[in-house]
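I have placed the structure first, in the form of structure tokens, so that the comments after it can refer back to it.
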Amino acid sequence: MNFIISANTDIGLTKDTNQDSLSVKVINTSQGRMAFAILCDGMGGLAKGEVASASVIKAFDNWICNELPKLCQGPIEDSIIRKQWEKIVTEQNEIIKTYGAKQGVKLGTTVVAMLLTQNRYYILNVGDSRAYELTTEIKQITQDQTFVAREVSLGNMTEEEAMKDSRRSVLLQCVGASDSVYPDFFFGDVQGNAVYMLCCDGFRHEIMPEEIYEKLQPNVLMDDYQMSQNSIYLIELNKQRKERDNISVALIRTF
Amino acid sequence: MLEIGSLVDGKYKILNKVGQGGMSVVYLAMNEKANKQWAVKEVRKDGVKDFEVVKQGLVAEIDILKKLSHPNLPSIVDVIDTEDAFIIIMDYIQGNSLNKALAEYGAQPQENVISWAKQLCDVLGYLHTRTPAIIYRDMKPANVMLKPDGNVTLIDFGTAREFKEKNLADTTCLGTVGYAAPEQFGGMGQTDARTDIYCLGATLYHLVTGMNPCEPPYEIKPIREINPTLSSGLERIILKCTQRDPNDRYQSAAELMYALEHYEEIDDLYRKKQKKKLNAFITSAVLTVALGVTSAWGYVSAENKKSENYDDIIKTAITTEEYYEAILTDSTRTEAYLGLNDLLSSDYVLTKEEGQQLLKLQAGLEEKNNAGFTDNVNVLSLLKAENPEGYNEVCFEIGWDFLSYYDTEIDRDRYENAAKWFEQMKDSDSENGAIASIFYDISECTTKLNQLRGGKVIQTQELDEQRESLWNMIESLQSKADGYELDYKIQVWIEIDKLIYNNVGDFLEVVTPDVLITMLNTIKSNVENIEGSNPDIIKLADELEISVAETINKVETAKE
């Protein structure tokens, strides 16, 4: 299985800094090609959110470089990935918390990380960034760890109310601002000829999944240039619709 | 930034930095002259966007806070407005914040938490009752200092409301907004005193369970699901504090305070105890009713049995003793008395012995009790108490039998015996009562007459009075008798005849012979007109006819 990748981010209309961080890469391992993508949406009062998001990206990058090759020496098991990624997130939570306490600020970041091997995907999620799978349809893999999503799942709120609710940006947890972090994991089989997308909440607030599918479905994304162009198109569409947040999207196309 | 060792306002020497918030730094300072420690909070103006906008509000709010005085609040003693910072001088609170205690020791003992809760509730009540009301909005363990003496103080109080508004345009995390009540996220109504109640409830939850409600599962569960040894009363309080709808929470700190002071009473254990008490009461109540019913049933059955026995005896009774037995079985029913009376007078003669047997009723019947001793049962008084009408009837019938059939030569004897019975019922409203009353009076009268006649000195006037009244009685007796059954009527006439016969001399002193003869003739003609098949009555009527004729004869003789 082969991968084409792209990553695009935009500061958006109103923010002074871009606190999103993202990274996508294709890795050659002893078990064949793999693709890894991670996207963090940082937050923090005094423009420190990018510190948090970057810190998490670097930690995962470090894992890709140092730990993944070791794992590839044997069969990769879901539980090993889960254990190691949980450890990274917990450590990052402590590091960012300590940093915040020192600086007298509260800062934190969401994380959505995805590893695609030849046959399986591994996704970790904390917060409200999302992973999608686009094949013949668009499917959201992750679940938002937000206050409104929980209200919806508890039946206290409908989807429509959640879209408009003033609390839609309140996360249940994030790396760096929660006492403890409990990441969600999603494992599954990789589809050939599919697009895997990671995006921050800014990317999806103003545009509909159908619009995303129209521009990012596997059939229209034939090379990395096209992927990037179409991502930028959607980012600009967001800005036209007055999205105020930073906007980021990472894509992996399988074939 | 204030420098360590620098003097603020010429008095407060900054010793060291003790805390840092988003926009402020807290230092420990020493007033060297007074040798007292103070906390100095520096609110940096460059830390706040549009400081000039919030400044007025901040100044106003600090002015309000300066006036506060409560044992669980640090007092603000001074506010200094410098070029780039507000410097707030306040009490230095020794100790650690409760979130440190949580981090170090986990869940806190329930008694401590309740004691803290009362203090915090007191503070909130104090704040809420200021005018205008002050809403704290940021109750959380990190803002509560645990002093070495075990009491708590609410800190982080110098910041203006504007600083506390949650900026929700950006992505935020529950962990950073504290235990925000649902309405604090905006769009769900104003924050008010009940917001603080929510936050206090969440704080108590965290303290008593060690579970941060801002962490998975992000909800405030009943505390006993986490630690079953906790009080269910406290569980109820916390659940009520943290209801989503402010209207479902305690509506004021005072209400919450009351609940906290009585948490044991809404405790399950307490309720169980109360329930036990209630159960005991219900059990005994049910038993009372059940036993009551049983005994009522037993009583009714016994009564039924008694009445069955009674009926059996009456049905077959042919001797005095059997009737006595029936009377003793149930003294309150009249059948046995009347049966006894009928038995004794069935031959139209009541002998002296038979009379004694009736009089025995008045004296009381003897009965063997359970112990084998003989009890005297006053059956008539029992009958009188339970069945007054029956008593009247029995007395009348027995009295009548004495009057009619008592076997004695002396009429006075008859009257006196009958009077003993008539006396018992002569005041009753019935016609029997009226008749009895007259016979009773006649008895009295004849006794009196007899006494007067036997007197050594003849008191003519009194004799005449008695004679007259006796005559009046006879007249009224005759008029009353008209409405009676035939056998009673005959009996009355016989009496009138006998009375006249025996007292002709006396009556002639007060009435003319013609009057006597007229009455006797009336009776005579009445008797002659009697028709009937009852041989006893025919016999009586025949005798009476002869007797009346004799009396008329006597009157005629006396007239001359």
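So here's what we get for this one:
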{"quantity": "Residue in region A:35-55 that is open to solvent by 50 Å² or more (accessible area, probe 1.4 Å) and within 15 Å of residue A:111 (Cα to Cα) present", "calculated": "yes"}
{"quantity": "Failed criterion for residue B:271 (all others in (1) under 50 Å from the mean Cα position of the chain (by Cα); (2) within 14 Å of another protein chain (Cβ to nearest Cβ); (3) modelled with pLDDT of 75 or more; (4) open to solvent by 20 Å² or more (accessible area, probe 1.4 Å) hold)", "calculated": "(2)"}
{"quantity": "Odd one out for residue B:469 among (1) under 23 Å from residue B:397 (Cβ atoms); (2) under 60 Å from the mean Cα position of the chain (by Cα)", "calculated": "(1)"}
{"quantity": "Residue within region A:141-157 that is open to solvent by 80 Å² or more (accessible area, probe 1.4 Å) and in contact with a helix residue (DSSP H, G or I) (Cβ under 7 Å, 6 or more places away or on another chain) present", "calculated": "yes"}
{"quantity": "Breaking point among (1) touching a Lys or Arg at 6+ places or on another chain (Cβ under 8 Å); (2) open to solvent by 90 Å² or more (accessible area, probe 1.4 Å); (3) of a type in the set (Ser, Thr, Tyr), for residue B:250", "calculated": "(2)"}
{"quantity": "Positions within region A:185-215 being farther than 23 Å from residue A:146 by Cβ and open to solvent by less than 30 Å² (accessible area, probe 1.4 Å), in sequence order", "calculated": "A:190, A:194, A:195"}
{"quantity": "Which numbered condition residue B:375 fails, given (1) under 49 Å from the mean Cα position of the chain (by Cα); (2) part of a helix (DSSP H, G or I)", "calculated": "(2)"}
{"quantity": "Given (1) within 13 Å of chain B (Cβ to nearest Cβ); (2) surrounded by 16 or more Cβ atoms within 10 Å (Cβ to Cβ); (3) among the hydrophobic types (A, V, I, L, M, F, W, C), number of the condition residue A:101 does not satisfy", "calculated": "(2)"}
{"quantity": "Of residues in region A:167-216 being part of a helix (DSSP H, G or I) and more than 30 Å from residue B:214 (Cα to Cα), the one farthest from the other protein chains (Cβ to nearest Cβ)", "calculated": "A:214"}
{"quantity": "Of all residues in region A:121-166 being in a strand (DSSP E or B) and β-branched (Val, Ile, Thr), the one that is nearest to residue A:34 (Cα to Cα)", "calculated": "A:123"}
{"quantity": "Residue pairs meeting the criteria (Cβ under 7 Å; at least 6 apart or on separate chains; first within 30 Å of residue B:34 (Cβ to Cβ) and open to solvent by 50 Å² or more (accessible area, probe 1.4 Å), in region B:91-116; second among the polar types (S, T, N, Q) and not in a helix (DSSP H, G or I))", "calculated": "B:92/B:37"}
{"quantity": "Positions within region B:201-218 being hydroxyl-bearing (Ser, Thr, Tyr) and more than 7 Å from chain A (Cβ to nearest Cβ), in sequence order", "calculated": "B:203, B:205, B:209"}
{"quantity": "Which numbered condition residue A:77 fails, given (1) over 30 Å from residue A:231 (Cα atoms); (2) over 17 Å from the mean Cα position of the chain (by Cα); (3) crowded, with 17+ Cβ neighbours inside 10 Å", "calculated": "(3)"}
{"quantity": "Contacts under 7 angstrom Cβ, first residue in region A:236-255 being touching a residue at least 60 places away in the same chain (Cβ under 8 Å) and under 26 Å from residue A:3 (Cβ atoms), partner of a type in the set (Phe, Trp, Tyr) and surrounded by fewer than 24 Cβ atoms within 10 Å (Cβ to Cβ), 6 or more apart", "calculated": "A:252/A:3; A:253/A:3; A:254/A:3"}
{"quantity": "Any hit, region B:434-453, residues being β-branched (Val, Ile, Thr), surrounded by fewer than 18 Cβ atoms within 10 Å (Cβ to Cβ) and modelled with pLDDT under 75", "calculated": "no"}
{"quantity": "Counted residues, region B:391-430 - those being part of a loop (DSSP other than H, G, I, E, B) and among the charged types (D, E, K, R)", "calculated": "5"}
{"quantity": "All positions within region A:223-238 that are open to solvent by 40 Å² or more (accessible area, probe 1.4 Å) and closer than 21 Å to residue A:16 by Cβ", "calculated": "A:236"}
{"quantity": "Test: residue in region B:348-365 that is assigned to a strand (DSSP E or B) and closer than 18 Å to residue B:391 by Cα", "calculated": "yes"}
{"quantity": "Given (1) within 14 Å of chain B (Cβ to nearest Cβ); (2) touching a helix residue (DSSP H, G or I) at 6+ places or on another chain (Cβ under 9 Å); (3) assigned to a helix (DSSP H, G or I), index of the condition residue A:91 fails", "calculated": "(1)"}
{"quantity": "Entirely in region B:223-339, the helices (runs of 4 or more DSSP H) that have 3 or more residues that are in contact with a Leu (Cβ under 9 Å, 6 or more places away or on another chain)", "calculated": "B:232-241, B:253-261, B:320-329"}
{"quantity": "Flag for residue A:70 being among the basic types (Lys, Arg) and touching a helix residue (DSSP H, G or I) at 6+ places or on another chain (Cβ under 9 Å)", "calculated": "no"}
{"quantity": "Verdict on residue B:154 being among the aliphatic types (A, V, I, L, M) and modelled with pLDDT of 90 or more", "calculated": "no"}
{"quantity": "Residue list for region A:106-125, restricted to those being open to solvent by less than 20 Å² (accessible area, probe 1.4 Å) and within 10 Å of another protein chain (Cβ to nearest Cβ)", "calculated": "A:107, A:108, A:109, A:110"}
{"quantity": "Whichever residue in region A:158-184 is farther than 23 Å from residue A:246 by Cα and hydroxyl-bearing (Ser, Thr, Tyr) and, among such residues, is surrounded by the most Cβ atoms within 10 Å (Cβ to Cβ)", "calculated": "A:182"}
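The values are calculated or read from the model by the stated rules, or taken from the named source; none is laboratory data. The structure presented is a predicted model; accordingly, all values stated were derived computationally and were not measured. Neighbour counts are summed over all protein chains in view; Cβ atoms, including those assigned to glycine, are modelled from backbone coordinates with ideal geometry. All accessible areas refer to the heavy atoms of the entire protein, side chains included, with ligands and DNA or RNA removed. Shrake-Rupley method; radii C 1.70, N 1.55, O 1.52, S 1.80 Å.
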